[in-house]
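Visitor: Quick one: this structure, given as structure tokens, is what I'll be asking you about.
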Amino acid sequence: QHFQHAIAQAVYEDMAEQLDYPKGSGQMLTADEWHQVILNGFAKEMGWTSKLLPSMDGRELVPVMRTKQSRLTKRQGNELIEFVRAYATGRGARLREFEEQAA
């Protein structure tokens, strides 16, 4: 799982350097912000429920999700990596490559 997390983090970092969000806005996100956006999209793709709840001061909405990346199974971790890589490359990002490491 540590290797999966490292791959996903690298993709978020590559996206942070190359892609704006929303597309065409010119607004650049940090790797951590990309992580939140992607994990929310992945949760919806998996059919997991997420809620938007009012923040404590009531000024914004806070996404509350069923799971965190650290709680994904190995298979779900691989699916998350495929999901984020497909999104990033679909937007034209150039991603660094990783060799599969023996566990």
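Visitor: Does the range 64-72 contain any residue that is among the hydrophobic types (A, V, I, L, M, F, W, C), surrounded by 13 or more Cβ atoms within 10 Å (Cβ to Cβ) and farther than 19 Å from T89 by Cα?
Guide: Start the filter on the range 64-72 by keeping residues that are among the hydrophobic types (A, V, I, L, M, F, W, C), which leaves 64-65, 72.
Now restrict to residues that are surrounded by 13 or more Cβ atoms within 10 Å (Cβ to Cβ): 65, 72.
Adding the requirement that they be farther than 19 Å from T89 by Cα leaves 65, 72.
Scanning the range 64-72, I find at least one residue that is among the hydrophobic types (A, V, I, L, M, F, W, C), surrounded by 13 or more Cβ atoms within 10 Å (Cβ to Cβ) and farther than 19 Å from T89 by Cα, so the answer is yes.
Visitor: Restricting attention to the range 29-57, which residues are farther than 21 Å from F83 by Cβ and either touching a residue at least 12 places away in the same chain (Cβ under 8 Å) or open to solvent by 60 Å² or more (accessible area, probe 1.4 Å) (or both)? Give the steps one after another, and end with the answer.
Guide: Within the range 29-57, the subset farther than 21 Å from F83 by Cβ is 53-57.
Within the range 29-57, L53, P54, M56, D57 meet the criteria.
The values are calculated or read from the model by the stated rules, or taken from the named source; none is laboratory data. As the structure is a prediction and not an experimental result, all values here were calculated from the model. FYI the Cβ positions are ideal-geometry reconstructions off the backbone, even for glycines, and counts take in every protein chain you see. Quick note on the areas: whole protein, heavy atoms, side chains included, nothing else; ligands and nucleic acids left out. Shrake-Rupley method; radii C 1.70, N 1.55, O 1.52, S 1.80 Å.
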